[in-house]
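What follows is a short report on a single structure.
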């Protein structure tokens, strides 16, 4: 199965275990920070951000063992999702996870074969893929791997690999490790973040 695509799409992952945990501690934070406008959102939001960063670091190690993307590119192309949705009944839902677009193919392992054709090696367990009609080119100051849509010189479109969220989702063990790390970090940070708001930090 090819790991390359010409589709530039956004992909998201939501972490259910951290959602539940955040909702359980939301009431505690709300009670303690009741007199501080926006305090509960600052405390819970900061703890979730720390948890997300820890999750990304865990994911970076696991994903780099399966895909040829560099750790810097992994972090660059992975965005935290962290916001609150208040229902009409006064309930609060914590939405949490990761999002990212398909990554330009040039950021994965690329080489040129003896016939001058680009060869993409995206997933380490898969054989490298020869891209017979592709080429490296600069378009508008951006270098990428492009492919012609037909026999004519133009139009052309850029080729992409998977999004980081797709890489994370492709392995259940990776997802479990990410969720465990985020849950552990959130548990460690939430009380600290509540105290920071109570003491006037970050308000």
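None of the figures in this text is laboratory data; all of them are computed from the coordinates on show. Just so it is clear, the model here is predicted, and its values are computed rather than measured. A quick note on method: Cβ atoms are made from the backbone with ideal geometry, for glycine too, and the neighbour counts reach across all protein chains shown.
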Q) Could you state the number of Å between the C-alpha centres of the range 43-58 and the range 117-193? A) 23
Q | residue 149 paired with residue 115, simple spin-label distance in nm, labels 7 Å along Cα-to-beta-carbon | A | 2.6
Q) Just for the chain, what percent of DSSP beta bridges are antiparallel, to the closest 5? A) 100
**Q.** Peptides ranked, highest mean first, by Cβ atoms within 10 Å: ranges 141-154, 162-175
**A.** 162-175, 141-154
Q) Mean residue ellipticity at 222 nm from the helices of the chain, using -39,500 (n - 2.57) per DSSP H segment of n ≥ 4 over the full residue count, to the nearest 500 deg cm²/dmol? A) -14000 deg cm²/dmol
(Q) Taking the 0 to 90 degree range and rounding to the nearest ten, how far is the long axis of helix 39-66 tilted relative to the main principal axis of the chain, both from C-alpha atoms? (A) 30
Q | Gyration tensor (alpha-carbon) shape descriptor, the range 106-158, a/c threshold 1.5 | A | prolate
Q | Cα-only Debye scattering, the chain: base-10 log of I(q)/I(0) at q = 0.07, 0.17 Å⁻¹ | A | -0.30, -1.04
Q | Per-selection Rg to Rh, the range 150-198 - Cα, Kirkwood hydrodynamic radius | A | 1.42
